[in-house]
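One structure below.
The values are calculated or read from the model by the stated rules, or taken from the named source; none is laboratory data. Since the model is a prediction, treat every value here as computed from it, not as a measurement. In this analysis, Cβ positions are derived from the backbone assuming ideal geometry, glycine residues included, and neighbour counts consider all displayed protein chains. In case anyone asks, the SASA skips ligands and DNA or RNA and just uses the protein heavy atoms, side chains included. Shrake-Rupley method; radii C 1.70, N 1.55, O 1.52, S 1.80 Å.
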Amino acid sequence: MIEFKDVSKTFNAKEGQVHAVEDVNLNIPDGKIYGIVGYSGAGKSTLIRMLNGLEFPTTGSVTINGTEISGLSGKALRNQRLKIGMIFQHFNLLWSRTVIENIEFPLEIAKVPKKQRVEKAQHLAELVGLAGRENAYPSELSGGQKQRVGIARALANDPEILLSDEATSALDPQTTDEVLDLLLSINKQLNLTVVVITHEMHVIRKICDQVAVLDAGKIVEQGPVLDVFKRPQQTITKRFVNQETGSSNLDDTTVVVSELLTKYSNGVIVKLTFHGDQAKLPIVSEMLRQFPDVDLSIIEGSIHQTQEGALGSLYIQLIAEQQDNINGALEYLKTMRVEVEVIKRG
Ligand SMILES: Nc1ncnc2c1ncn2[C@@H]1O[C@H](COP(=O)(O)OP(=O)(O)OP(=O)(O)O)[C@@H](O)[C@H]1O
Ligand SMILES: [Mg+2]
């Protein structure tokens, strides 16, 4: 278990003090994939650098399985760091070494004998899907392959925790998904705790169990991924969630919404969010049967997979002469445990 307790980190920069992380409280359970999402400068890297003692908190404590990281130095800190692997946006590979030699590197530092090193590195190359590429140099690899080397190297000393700092941000969407699938399978196979920091909600949605939203150094929202996607509370969280589940082009939706409202001034625009088995039930057609005076236009809809099942969103417009009918229909949806958010009333 990783625990951040009342953690703040202040840098003394030329321009004055920078409060990079402020009053952060976080519990990250073992064996889970925990996501931390935030815009550039939110303090994400500073936060996870405190996990391997590359930064120390100005106030508060960071503990891993009861060991306080800021209390460690010298050999104890070096040993603790061996228990944490890290992967980076720009891979940080050694360019003059082959794939297998890159993977061996942390084992050399840990003074593992040559024969064991080679065996271990070979096994890891296979685990990450690089069998046959062991003797290639990084310059001969694709971005996805380079990150696979980064992942294998991070796993070399059998860490308890894997930290990922924007590990897929330099990759195209397809390669991103392949690397995310690899992280997910490693998490399951090795029961490894993974802390992922990213500015992409796609990464959170695809592999994380829980998420925290970091804004200007503070955690403004946290919880299970599905809950946060279904009921984002803060404006910044809604913006992040919309990045992934919302319209591929929100401007188009806005245009459609205002056109619909001009045409039907008594209409109401609603966003419905449903998950898992709800997505398979004819909830909307049942609503129309129960409220026959309500008309419905579909604006747009989408469905996405999360670690806890499917998550769908549907933007609709409800039109009726009597507001009561619309209110009744919305109440009906709520009793079916569909999240209902009124975007605009005509
Ligand atoms: N060593 C440092 N000295 C001074 N200021 C720093 C230092 N490291 C980080 N900061 C500042 O702390 C804030 C948070 O930086 P951090 O790198 O943690 O953000 P981030 O969320 O990782 O951003 P990005 O997504 O761009 O990587 C920024 O304002 C940054 O300029
Ligand atoms: Mg960063």
From the options Ser247, Ser185, residue that is away from ligand 1 (no atom under 16 Å from the Cβ), at pLDDT below 95 and of a type in the set (Gly, Ala, Ser): Ser247
Out of curiosity, is Asp277 out of contact with any Asp or Glu (no Cβ under 9 Å at 6 or more places or on another chain), closer than 27 Å to Val255 by Cα and not assigned by TED's automatic domain parsing to the domain that holds Cys208? no
Given the condition at pLDDT below 95, more than 14 Å from ligand 2 (Cβ to nearest atom), assigned by TED's automatic domain parsing to the domain that holds Leu180 and in contact with an Asp or Glu (Cβ under 6 Å, 6 or more places away or on another chain), answer yes or no: does some residue in region 64-82 qualify? no
Candidate set: region 18-65, residues that are charged (D, E, K, R) and closer than 24 Å to Thr235 by Cα; chosen: the one least open to solvent (accessible area, probe 1.4 Å): Lys44
Candidate set: region 125-142, residues that are under 27 Å from the mean Cα position of the chain (by Cα) and open to solvent by 30 Å² or more (accessible area, probe 1.4 Å); chosen: the one nearest to Leu94 (Cα to Cα): Ser142
So, Leu94, is that one under 29 Å from Tyr137 (Cα atoms), part of a loop (DSSP other than H, G, I, E, B) and open to solvent by 80 Å² or more (accessible area, probe 1.4 Å) or not? no
Filter region 1-21 for residues that are assigned to a strand (DSSP E or B) and more than 11 Å from ligand 1 (Cβ to nearest atom); which is nearest to Pro159 (Cα to Cα)? Ile2
Using the structure shown, decide if Gly150 is in a strand (DSSP E or B) and of a type in the set (Gly, Ala, Ser). no
For region 305-346, which positions are over 17 Å from Asp295 (Cβ atoms) and in a helix (DSSP H, G or I)? Glu331, Lys334, Thr335
Hits in region 22-57 (condition: within 19 Å of the chain's Cα centre (by Cα) and either of a type in the set (Phe, Trp, Tyr) or part of a strand (DSSP E or B) (or both)): Val24, Asn25, Leu26, Asn27, Ile28, Ile33, Tyr34, Gly35, Ile36, Val37, Tyr39
The condition of being more than 16 Å from ligand 2 (Cβ to nearest atom) and either closer than 17 Å to Val211 by Cβ or in the same structural domain as Thr193 (by TED's automatic domain parsing) (or both) holds, among Glu22, Glu55, only for Glu22
